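The next block holds one structure in the form of structure tokens; read it before the comments.
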Amino acid sequence: MTKLAWVARGISAVSGAVLLGALMAPSAAAQGVDHDPQPKKKTKASHPANAGKPAKQAGTVKPARSEDDREDEDRRKCSTSRDLATAAPDYLNFPGGLIFTVATDRHGHAFLNDSRNPGVWVNLGVLAHAPKCVTDTAASVTEANPGSLYITLQDRNGELRRATCTTSDAPFTRSNLVAACGTGFTTLQDTPV
């Protein structure tokens, strides 16, 4: 009788293994499991833009990324809501209706518009030390002419940077903004973040 019990247990174990294999096979097939013992190398789809690029050789060291590449990657990763700030002098020594507008796009770039130059938006990224991912803006202007336009930008880490630009009778453009804003942006010390 004991032999019969051992045979029954053995058959039960084999049946369980077969049943488990039958249950696992459909799920493995659905997940696209490759049963080839040699892993296949992934090949990139042929694209006209890649035609002129040399193929990578095995064992080559990937060159270090340049600062420009890292900045481009940061720009791609930055996604913010749009923000807007305006400043207008009380028209003392300025033409009536003058408004300075600072705005951001959804990629964290900040722009300045001088209402004397309608439709022209100057990228504030041309100024030295400009934040890469702007999440908030502020602007204020003095009444004097020449006077000062203060542009404050907050980056995604909460750090505030301010540029002080000299106003004049000429509207701000890409060609005169760098000279008007001198050293560009400086970090406001002890920003509570």
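The values are calculated or read from the model by the stated rules, or taken from the named source; none is laboratory data. Only a predicted model underlies this, so the values are computations on that prediction, with no experimental measurement involved. Here the Cβ positions follow ideal geometry from the backbone for every residue, glycine too, while neighbour counts run over all protein chains shown. Just so you know, the surface numbers come from the protein's heavy atoms only, side chains and all, with ligands and any DNA or RNA stripped out. Shrake-Rupley method; radii C 1.70, N 1.55, O 1.52, S 1.80 Å.
Assuming I151 fulfils every condition listed in (1) in a strand (DSSP E or B); (2) touching a residue at least 60 places away in the same chain (Cβ under 8 Å) apart from one, which condition is it?
I151 satisfies every listed condition except (2).
Across segment 167-193, what is the total count of residues that are in contact with a Ser or Thr (Cβ under 8 Å, 6 or more places away or on another chain) and either on the phi > 0 side of the Ramachandran plot or exposed (fewer than 13 other Cβ atoms within 10 Å of the Cβ) (or both)?
Residues flagged as in contact with a Ser or Thr (Cβ under 8 Å, 6 or more places away or on another chain) and either on the phi > 0 side of the Ramachandran plot or exposed (fewer than 13 other Cβ atoms within 10 Å of the Cβ) (or both) within segment 167-193 amount to 2.
Could you check segment 154-191 and list, in sequence order, the residues that are free of Cβ contacts under 8 Å to residues at least 24 places away in the same chain and among the aromatic types (F, W, Y)?
Across segment 154-191, there are no qualifying residues.
Quick one: count up the residues across segment 121-144 that are open to solvent by 30 Å² or more (accessible area, probe 1.4 Å) and in contact with a Pro (Cβ under 8 Å, 6 or more places away or on another chain).
Of the residues in segment 121-144, 2 are open to solvent by 30 Å² or more (accessible area, probe 1.4 Å) and in contact with a Pro (Cβ under 8 Å, 6 or more places away or on another chain).
Of all residues in segment 81-108, count the ones that are part of a loop (DSSP other than H, G, I, E, B), closer than 16 Å to T152 by Cβ, open to solvent by 10 Å² or more (accessible area, probe 1.4 Å) and at pLDDT 90 or above.
The total comes to 0.
Please count how many residues of segment 109-133 are outside any loop (DSSP other than H, G, I, E, B) and either in contact with a strand residue (DSSP E or B) (Cβ under 8 Å, 6 or more places away or on another chain) or basic (K, R) (or both).
Of the residues in segment 109-133, the ones outside any loop (DSSP other than H, G, I, E, B) are 110-114, 122-126.
Right, trim to either in contact with a strand residue (DSSP E or B) (Cβ under 8 Å, 6 or more places away or on another chain) or basic (K, R) (or both) and you get 110-114, 122-125.
The number of residues fulfilling the criteria is 9.
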